[in-house]
Each structure stands twice: as structure tokens, then as C-alpha cells.
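Reviewing the structure listed below.
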Amino acid sequence: MSKNIAIIGSGFLGLTLAQRLSDEGNSVTLYEAADRIGGLASAWSIGDVTWDRHYHVTLLSDSATRGIVEAIGLGDEFEWVETKTGFFTDGKLYSMSNSLEFLKFPPLGLIGKLRLGATIFYASKVRDWKALEKVSVDAWLTKYSGKKTFEKIWKPLLRAKLGDSYKKTSAAFIWATIQRMYAARNSGLKKEMFGYVRGGYSRVLKRFAEVLHENGVEIELSRRVTEVGRENERCFVLTGEGRREFDEVVVTCNPGIAAKIIPSLEEEEKERLSRIKYLGIVCASVLIRDSISEFYVTNITDESPFTGIIEMSALVDKEELGGNALVYLPKYVEKDDPLFSKTDDELEDLFLGELDKMFPQFKRETVEAFRVSRVKEVFPLPEIEYSTRVPGMKCSVDGVYLVNSSQITNGTLNVNETVLLAEKFLTGGFID
Ligand SMILES: Cc1cc2nc3c(=O)[nH]c(=O)nc-3n(C[C@H](O)[C@H](O)[C@H](O)COP(=O)(O)OP(=O)(O)OC[C@H]3O[C@@H](n4cnc5c(N)ncnc54)[C@H](O)[C@@H]3O)c2cc1C
């Protein structure tokens, strides 16, 4: 039976749900607080270039992402590129793009390298990720790689992605990360093949919006939902523009927001949702006339105000970027981190000052544009026994469903997992 359904949030989760539910003949309204669709995967302009606000790649193994891009008619628009990985450690930049380079990597002795390699290989073979949820990531990595390798390599990498919260994180996090990176490697060649759609997410999202319009989906931009509830056997959605009734409402916002906008949830449910801790990000995009390195990702193990370097132009054709290089400088932080209160100018000084020190060939006068994205909640911290705390999709308010990134339990946050989560909801028999 065709239903009248509201979806709150137009990130990839909301978009995928809207596409599938409208394909099935339902009448769908998509509410988005921002002035554009896409959420974390949205595009913006930096200088004269329009590209992703946060760096995004697709892996060859991301079949759900590829499936949705195919479904909106852009499947043939992927470019697949072999990329290289760098490591900045002890003030020097090393290539770590193949096994030979790994064996030559000077900061670790032979035994350390063998143990590091064995840890990664072992993690790639583990299937029972729930057992890893019971152990802290630092204890697990120290056990398999040794204390020295943990301090020299793993700890800086964990801090890069989790800040000091790595101490509360389970080993399932590193398992999920390693599983994804293994999948990224073309098994025969042992090389990383990463992909992007020509035109970036801006193009993907534009086409997504067209498909949704063709399906009759109403996209309500700049409509922050302030309340979702149920009265007289009907669900309702409240925004600054007033109240509308629906048969069902799917809330895709993060759990903390869901707890606030659905006041009729039971107290215990609200507490459960509010207790899920998310990490945020401060992510600078720098448009530069010249590349700073040949690496798509440079992992940094030295102290630095940003915790990695992603050079998009090592993946994306520079013609897409007005002939420039595009470099992202991310720092993952907790939502009360002082970095959030720094101005763009302060961050520009801090971040570019560090690039100056790291890359002697980098010249500030070649920077065309600098822009900062700040998001206080990006992904849930995978704490010990996290999966036991995950909220269900059905809640205590009839006809209202919660589908959000906190329900990704055995993977890292990426578009592929996001689309799979939407599929899980759609095949779960919640809406029939
Ligand atoms: C720095 C960074 C790098 C990434 N790199 C990759 C990558 O390389 N490859 C990859 O596959 N994935 C990557 N991802 C992950 C990918 O972006 C996410 O998996 C995906 O975008 C999550 O979609 P979502 O719909 O779950 O959440 P979101 O994108 O957060 O969408 C939620 C939406 O809800 C809206 N909203 C919130 N509150 C309200 C309200 N009250 N009313 C109405 N609307 C509301 C928000 O504005 C937002 O648009 C990256 C993410 C980040 C941050």
C-alpha cells in the first residue's frame, strides 16, 4: 500500500531511503536543515572550484555505493586510479605504497616490521569482530605488534582518527579499518585502486536530486525539523513553516538530535540515544597551484595540528580542479575541543605554518584559497562493547523510525556502510 512518508536528513542515508521508498510508489517528503542536500558528503566551492566539502573516495569493493551511483545513471562515470600512501615520521616523508617500501621503512626494525605486518594480516583474517569489541584497541595492538611499534606507529595513527578517545575504543575499530583497507587492494596487484565520479559529489548529488524529483519526492531545504511525534493515529513533523502529517517518519539524524526532536520517546530511550558519543572534525581544504606530494594519503606520526594530509589531486584529474592541487588537512576532535573556536584566519596560520615546516617546496603565495569545515558530530566512538548499546530502528513512538550512523556496528563510517544501513532498514519489514 502506498504511504505518505517523511524522511528527516538528506545525507546519503536519507537520499537512499527517499529513492528506494519513492521507487516503491510511496509519496516521500525529504526534510533538510541545510540549504543543500548531501550532509557530510555535500559539495561546496573553494576559490573557483566546486568539490567535496570532505575528501571522499570510493573503493572498488564498495558495491553498495557503486550500486546507488549506477541506479541514478552515473555508473559509467567512475574514474579508477592507483594511488600511493605516504608516512611522515621523524620529520621525513616516506612512501609506504608497496611491500618493498614497507620493508625498507627505517623507523622500525625488522622484528617490529614483521610484527606490524603480522598484526595487519591477522586482523584481516579475523571474522568474530564481536570478540574484539571486548578488548581495548591499545591493549590488542600492543599484544600483537609490541610496545615499541604501538608507540611509534599505532598510537599516532589512532590519535589521528580518535584523539585521546582512542583509550576508550575497542579493537573492533582497527579490525574494521584494516578490513576496509584490505578490500581496497586489488588482490592480484596488491595496489590501492580508488575511485571518484567525474565532477565529484556535486555531480552525484545534482543527479540524485533530479532522480528524486522525477520520482515525485518533495525536497524541503533549509527546513530544520524541530519536532517529530504522533497524535490521533497520525505521525507529524514540525518545522518553522508549520506542521504536516504523515503515515510514517524516518529520522536519519544522529542519535543526540533524534533524542531532542522526538520528545515523546520514553526517558530510557532518550538517555540511551544521548549517551552515544560522537567525534567531530575540523577539516581544512587548501587549493594550491602546485602539488605538495605524490601521495593521496599521508599519515603523520609526528606531533602536528592536523593529523593527516589528503591530496585529492593525487586521485582526481587536475582539470577538474581548475588545474590546481586540492589538499585536505583534517583533525578529528571531541565536540568541546578548543579547535572549534579558532577562526578561519587562525587555522590558516596554524595549518599552513605546519605545511611550511613539513614541505620545503611549499610556497604560501601559491595558495589560491583556504576554507574550513567544522562538524561537531561525524561518527560514533566505537567504545568497548559498543554493539550492545546500539539503538534499534523501531522506537516507542508508533510509525517513527530511527536509522542513523550509530547503527553501523562492524564497519567504519563510509558511504558504502551508509547505503547498506538504508538497505537493512528497507528489508527489515518496518514499512510494508
Ligand atoms: C572528513 C570525512 C571524510 C569522509 N571520507 C569518506 C570517503 O572517503 N569515502 C566514503 O565512502 N565515505 C566517507 N565519509 C563518510 C560519508 O560522508 C558518510 O558515510 C555519509 O555522508 C553519512 O551520511 P548520513 O546520511 O548518515 O549522515 P549525514 O551526512 O550527517 O546526514 C544527516 C543530515 O541530517 C541533517 N539534519 C540534522 N538535523 C536535522 C534536523 N533537525 N532537521 C532536518 N535535517 C537535519 C543534516 O543537515 C545532514 O544533512 C567521510 C566523512 C567525513 C566527515
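Work out, step by step, the length gained on full extension between Ile384 and Glu101: first 0.36 nm times the residue separation, then minus their alpha carbon distance; give nm to one decimal.
Extra length available between Ile384 and Glu101 comes to 98.5 nm.
What number comes out for the charge environment of Phe351, summing +1 per Lys or Arg and -1 per Asp or Glu over other residues with Cβ under 12 Å away?
Neighbourhood net charge equals -2.
For the stretch 279-293 and the stretch 295-339, what is the separation of their C-alpha centers, rounded to whole Å?
When both Cα centres are located, 4 Å separates them.
Share of antiparallel DSSP beta bridges in the chain, in percent to the nearest 5?
On the way: 56 of 75 bridges.
Given both bridge residues lie in the chain, the antiparallel proportion sits at roughly 75 percent.
Cβ under 10 Å from Cys283's Cβ, Cys283 left aside: what net charge do those residues give with Lys, Arg +1 and Asp, Glu -1?
+4
Please work out the FRET efficiency for the pair Glu231 and Phe430, using the Cβ-Cβ distance as r and a Förster radius of 22 Å; give the result to the nearest 0.05. Before the final figure, lay out the partial values.
On the way: r = 21 Å, r/R0 = 0.94.
Between Glu231 and Phe430 the formula returns 0.60.
Can you spot the lysines whose alpha carbon is less than 19 Å from Lys357's alpha carbon? Ignore those fewer than 8 places along the same chain.
Straight-distance partners of Lys357: Lys92, Lys331.
Pick from Arg275, Arg198, Arg371: which is most flexible by mean-square fluctuation in a GNM of the chain where alpha carbon atoms under 10 Å apart are linked?
Arg275
Which whole-number percent is the relative contact order of the stretch 292-342 (Cα, under 8 Å, 6+ apart)?
Taking the mean separation of contacting Cα pairs over the length of the stretch 292-342, I get 31 percent.
Quick check: pseudo-label points 7 Å beyond the Cα along Cα→Cβ at Asp90 and Ala71, how many nm apart are they?
5.0 nm
List the residues of the stretch 235-259 whose backbone N lies under 13 Å from a point placed 7 Å from the Cα of Met393 along the Cα-to-Cβ direction.
From the stretch 235-259, the list is 250-252.
Tell me the net charge near Leu421. Cut-off is 15 Å between Cβ atoms, Leu421 excluded, with +1 for each Lys or Arg and -1 for each Asp or Glu.
On the way: positive: Arg20, Lys394, Lys424; negative: Asp62, Glu417, Glu423.
Residues close to Leu421 contribute a combined charge of 0.
For Ser45 and Ser222, what is the calculated FRET efficiency with R₀ set at 22 Å and r taken between the beta-carbons, to the nearest 0.05?
So the FRET efficiency works out to roughly 0.75.
Tell me, Thr65, Thr252, Thr366 in order of fewest to most beta-carbon neighbours within 10 Å?
Least to most surrounded, the residues fall as Thr366, Thr65, Thr252.
Provide the convex hull volume over Cα atoms per residue for the chain, in Å³.
Residue-normalised Cα hull volume stands at 143 Å³.
What does a probe at Lys167 reach in the stretch 133-158, counting residues whose amide N is under 16 Å from the point 7 Å along Cα→Cβ?
Of the residues in the stretch 133-158, 136-140, 151, 155-156, 158 have backbone N under 16 Å from the label point off Lys167.
For the stretch 142-166 and the stretch 17-81, what is the separation of their C-alpha centers, rounded to whole Å?
When both Cα centres are located, 33 Å separates them.
Which value in deg cm²/dmol, rounded to the nearest 500, describes the helix-derived mean residue ellipticity at 222 nm for the chain, given -39,500 (n - 2.57) per DSSP H run of n ≥ 4 and division by the residue count?
Taken over the chain, the calculation gives -9000 deg cm²/dmol.
How much length, in nm to one decimal, is gained on full extension between Glu245 and Asp317, taken as 0.36 nm per residue of separation minus their Cα-Cα distance?
21.3 nm
Sorted by mean Cβ packing within 10 Å, highest first, what order do the peptides 309-318, 3-12, 260-269 take?
Ranked from most to least packed, the peptides come out as 3-12, 309-318, 260-269.
Would you look at the GNM of the chain, springs on alpha carbons closer than 10 Å, and say which of Arg203, Arg234, Arg224 moves the most?
So, out of Arg203, Arg234, Arg224, the one fluctuating most is Arg234.
Report, in debye and to the nearest 20, how large the dipole of the chain comes out about its Cα centre when Lys and Arg carry +1 and Asp and Glu carry -1 on their Cβ.
Roughly 1800 debye, rounded to the nearest 20.
Taken together, the values in this text are just the output of simple stated rules run on the coordinates, not laboratory data. These figures come from a predicted structure and were not determined experimentally. So basically every Cβ, Gly included, is an ideal-geometry build from the backbone, and we count neighbours across all protein chains shown.
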